[in-house]
Amino acid sequence: MSKKKDTPRPLPESLHLPLTGTDSHAHLDSTGLIENLSEVMDRARLAGVAHIGQVFLGPSAYHENKEKFAPYPGVFFLMGIHPCDAQECTGAVMQDMRKAFQNDPDLKAVGEIGLDFYWHDCPHFIQEEAFRLQLALAVETCRPVVIHSRDAATDSLRILESEGFAGRPLLWHCFSGDAVPLLDRILANGWHISIPGPVTYPANQTLRDAVAQIPLDRLLVETDCPYLAPVPWRGKPNEPSLVVFTAMTVAEIRNMSPEELWTTCGNNALRFFGVTA
Ligand SMILES: [Zn+2]
């Protein structure tokens, strides 16, 4: 009896994309990635990923790990209290974040912030309060925001519109099927949208149909690693190099050359976050 072997998977560099791409959302300070940072960064470069948006889930993660990214000038930072941790959003934490945003030009956006009604870790009213506080922080420190919204698109939109965020720089991260019914409103508000690995999953045709409608100049791609690896690496740990497979699928959906889609989405990310190439 022979054990079922893993079929060989194509390597990200086999797509031969130019070094012009951006993974707009990565958690490189996660276990499994931070210990192997230099290899992870080498593989990203080899695949064509020139820039990575590193997301710190609050000021302790930021203070603890930011220095580890000093050797990698292509990495820029985001910081925010995730809705599942909204209880941590105390006055002291807000003050800590305010200072960091005032002092560190590498901190390009407040995020990921928003609402998560999928997990039941945190009461909704506490999530909403933390969300509103951090939206105000973004306005105060002149940063764009990056939104995490899971099973909560209607409420996220209500809060964002009531806080005056229509027309402000905003990236809807990890865009998924649950936000598709509200795509028209997201687009009408002038916001950007970042597409994660699940766009490659066979069941997600609704998401693929939505991706076809997003204006090209507002489209970004991301890994959200270490989770959500795209096909053909689905089920394996995710990392920035694998975002090329997500871009490949998005290019197919839009009938574009992978190189053009890759470079355009990369440039969109740099423009959105105010990163100079
Ligand atoms: Zn994330």
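The values are calculated or read from the model by the stated rules, or taken from the named source; none is laboratory data. All of these numbers come straight from a predicted model, not from anything done at the bench. Every residue, glycine among them, receives a Cβ derived from its backbone with ideal geometry; neighbour counts consider all protein chains shown. Keep in mind that these areas ignore ligands, DNA and RNA; they rest on the heavy atoms of the full protein, side chains included. Shrake-Rupley method; radii C 1.70, N 1.55, O 1.52, S 1.80 Å.
Could you list, in sequence order, all residues of the stretch 10-60 that are small (G, A, S), over 30 Å from T90 (Cα atoms) and either part of a helix (DSSP H, G or I) or open to solvent by 60 Å² or more (accessible area, probe 1.4 Å) (or both)? Walk me through it before giving the result.
Going through the stretch 10-60, the residues small (G, A, S) turn out to be 14, 21, 24, 26, 30, 32, 38, 44, 47-48, 50, 53, 58, 60.
Those still in the list that are over 30 Å from T90 (Cα atoms) too: 14, 21, 38, 44, 47-48, 50.
Residues satisfying the conditions are S14, S38, A44, A47.
Rundown of residues vs (1) hydrophobic (A, V, I, L, M, F, W, C); (2) touching a residue at least 12 places away in the same chain (Cβ under 8 Å); (3) within 16 Å of the ligand (Cβ to nearest atom), yes/no style:
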{"site": "T200", "(1), (2), (3)": "no, yes, no"}
{"site": "Q205", "(1), (2), (3)": "no, no, no"}
{"site": "T223", "(1), (2), (3)": "no, yes, yes"}
{"site": "G235", "(1), (2), (3)": "no, no, no"}
{"site": "P240", "(1), (2), (3)": "no, yes, yes"}
{"site": "A251", "(1), (2), (3)": "yes, no, no"}
{"site": "R254", "(1), (2), (3)": "no, yes, no"}
{"site": "R271", "(1), (2), (3)": "no, no, no"}
{"site": "G274", "(1), (2), (3)": "no, yes, no"}
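When T7 is tested against the conditions (1) of a type in the set (V, I, T); (2) farther than 20 Å from P232 by Cα; (3) open to solvent by 80 Å² or more (accessible area, probe 1.4 Å); (4) away from the ligand (no atom under 16 Å from the Cβ), the lone failure is (2). Residues in the stretch 29-38 include at least one that is in contact with a Cys (Cβ under 8 Å, 6 or more places away or on another chain), of a type in the set (A, V, I, L, M, F, W, C) and more than 24 Å from E128 (Cα to Cα).
From the list G21, G48, G58, the one residue that fits, being away from the ligand (no atom under 16 Å from the Cβ) and under 16 Å from the mean Cα position of the chain (by Cα), is G21. Considering every residue within the stretch 146-168, establish whether at least one is of a type in the set (S, T, N, Q), out of contact with any Leu (no Cβ under 8 Å at 6 or more places or on another chain), farther than 27 Å from L242 by Cβ and within 15 Å of the ligand (Cβ to nearest atom). Checked the stretch 146-168: no residue is of a type in the set (S, T, N, Q), out of contact with any Leu (no Cβ under 8 Å at 6 or more places or on another chain), farther than 27 Å from L242 by Cβ and within 15 Å of the ligand (Cβ to nearest atom). Within the stretch 78-116, being open to solvent by 10 Å² or more (accessible area, probe 1.4 Å), outside any helix (DSSP H, G or I) and touching a helix residue (DSSP H, G or I) at 6+ places or on another chain (Cβ under 7 Å) holds for C89, K108.
Find the helices (runs of 4 or more DSSP H) located wholly in the stretch 178-260 whose residues include 2 or more that are over 20 Å from R168 (Cα atoms) and open to solvent by less than 10 Å² (accessible area, probe 1.4 Å), and list them. Step through it out loud before you land on a result.
On the way: elements: 183-188, 205-211, 243-253.
Where helices (runs of 4 or more DSSP H) fall fully within the stretch 178-260 and carry at least 2 residues being over 20 Å from R168 (Cα atoms) and open to solvent by less than 10 Å² (accessible area, probe 1.4 Å), they are 205-211, 243-253.
Listed conditions (1) away from the ligand (no atom under 16 Å from the Cβ); (2) open to solvent by less than 40 Å² (accessible area, probe 1.4 Å); (3) in a loop (DSSP other than H, G, I, E, B) are all met by Y72, apart from (2).
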